[in-house]
Amino acid sequence: MTRIIMHGCNGKMGQVISDIVKEDAEAEIVAGIDAYGESKNEYPLYRTIDQCDMEADVIIDFSNADAVDMLLEYGEKKNIPIVLCTTGLSEEQLAKVQEVSTKTAILKSANMSLGINTLMNLLQKAAKVLATAGFDIEIVEKHHNQKLDAPSGTALALADVMNEAMENTFDYKYDRSQERKKREKNEIGISAVRGGTIVGEHEIIFAGCDEVIEFKHTAYSRAIFGKGAVEAAKFLKDKDAGMYDMKDVIAEK
């Protein structure tokens, strides 16, 4: 049984994870941390993590950047592994993450979805075969109309794993409207679509001579990220100090 402290338990993802863990016989949430709202769950609620005295195997964090400093101090002091899902961390905070990872295990990933991370593994293999054979690579990502950044962090992560597989020989092309010329062979084109309530869709196209191969991942709800975080927590339990990501979770499956 993996005992979890849910950091950010009253947020949307905190509630999603709480529901997932209720149905998981291998995990339980022993405490929740959230400065806002009343406890909506069956576990004790603490306003800040330094108030929590519950025994736990791992912390799942879906909070905000302001709460991460205290979280890292707590994880280091208690030697509790952390699944760190909060984004928008400063350079100083990222440096602190690296420092704390020398004392306790930390898992941080660009995307917590098991599907996306399995797709990354497949794309590395596909790129080595298809890009070498002259196939062009394009990524089209779609998200809801409230998303601020473009392209998405996941689209960039997908491009990065293919680029790494090809020893970083590709350049990324985000906008072809400003130049009139043929596509370069060393490009990965990345296009962003924003509209409606699309949770997230990523399509990777390998276009060759007379044949096209497409990989596609569609997210229908935030639950996929919650499921990945819970699987990451179970993976991280009892792990040695160090930095981990979802690729490590996939590799152990």
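The values are calculated or read from the model by the stated rules, or taken from the named source; none is laboratory data. Fair warning: this is a prediction, and the values are worked out from it, not measured in the lab. Cβ: placed from backbone, ideal geometry, glycine included. Neighbour counts: every protein chain shown. Side chains are part of the model used for accessible areas, which takes the heavy atoms of the whole protein and leaves out ligands, DNA and RNA. Shrake-Rupley method; radii C 1.70, N 1.55, O 1.52, S 1.80 Å.
Return yes when A65 is in contact with a Leu (Cβ under 8 Å, 6 or more places away or on another chain), among the small types (G, A, S), farther than 20 Å from M112 by Cβ and in contact (Cβ under 8 Å) with a residue 24 or more places away in the chain and no when it is not. Let's see the steps before the verdict.
Numbers: in contact with a Leu (Cβ under 8 Å, 6 or more places away or on another chain): yes; among the small types (G, A, S): yes; farther than 20 Å from M112 by Cβ: no; in contact (Cβ under 8 Å) with a residue 24 or more places away in the chain: yes.
In short, no.
Of the residues making up segment 68-92, those that are modelled with pLDDT under 95, surrounded by fewer than 22 Cβ atoms within 10 Å (Cβ to Cβ) and in contact with an Asp or Glu (Cβ under 8 Å, 6 or more places away or on another chain) number 1.
Specify which of the listed residues (S152, S177) is open to solvent by less than 60 Å² (accessible area, probe 1.4 Å) and modelled with pLDDT under 95. Just a single option satisfies the conditions, and that option is S152. The one condition from (1) touching a helix residue (DSSP H, G or I) at 6+ places or on another chain (Cβ under 8 Å); (2) without any contact (Cβ under 8 Å) to a residue 24 or more places away in the chain; (3) part of a strand (DSSP E or B) that K216 does not meet is (1). For segment 44-51, the criterion of being open to solvent by less than 70 Å² (accessible area, probe 1.4 Å) and acidic (D, E) is met by no residue. Note on segment 170-183: residues that are of a type in the set (D, E, K, R), under 19 Å from P151 (Cα atoms) and either more than 31 Å from the chain's Cα centre (by Cα) or assigned to a strand (DSSP E or B) (or both) amount to 2.
Being farther than 28 Å from T104 by Cα, within 14 Å of the chain's Cα centre (by Cα), surrounded by 17 or more Cβ atoms within 10 Å (Cβ to Cβ) and among the small types (G, A, S) is the requirement here; does A233 meet it? Even if it seems obvious, please write down each step before you answer.
Numbers: farther than 28 Å from T104 by Cα: no; within 14 Å of the chain's Cα centre (by Cα): yes; surrounded by 17 or more Cβ atoms within 10 Å (Cβ to Cβ): yes; among the small types (G, A, S): yes.
For A233, the condition - farther than 28 Å from T104 by Cα, within 14 Å of the chain's Cα centre (by Cα), surrounded by 17 or more Cβ atoms within 10 Å (Cβ to Cβ) and among the small types (G, A, S) - is not met.
State the number of residues belonging to segment 1-17 that are under 23 Å from N79 (Cα atoms) and surrounded by 18 or more Cβ atoms within 10 Å (Cβ to Cβ).
The initial filter retains those residues of segment 1-17 that are under 23 Å from N79 (Cα atoms), namely 1-9, 14, 17.
With the extra rule that they be surrounded by 18 or more Cβ atoms within 10 Å (Cβ to Cβ), the set shrinks to 2, 4-9, 14, 17.
Residues flagged as under 23 Å from N79 (Cα atoms) and surrounded by 18 or more Cβ atoms within 10 Å (Cβ to Cβ) within segment 1-17 amount to 9.
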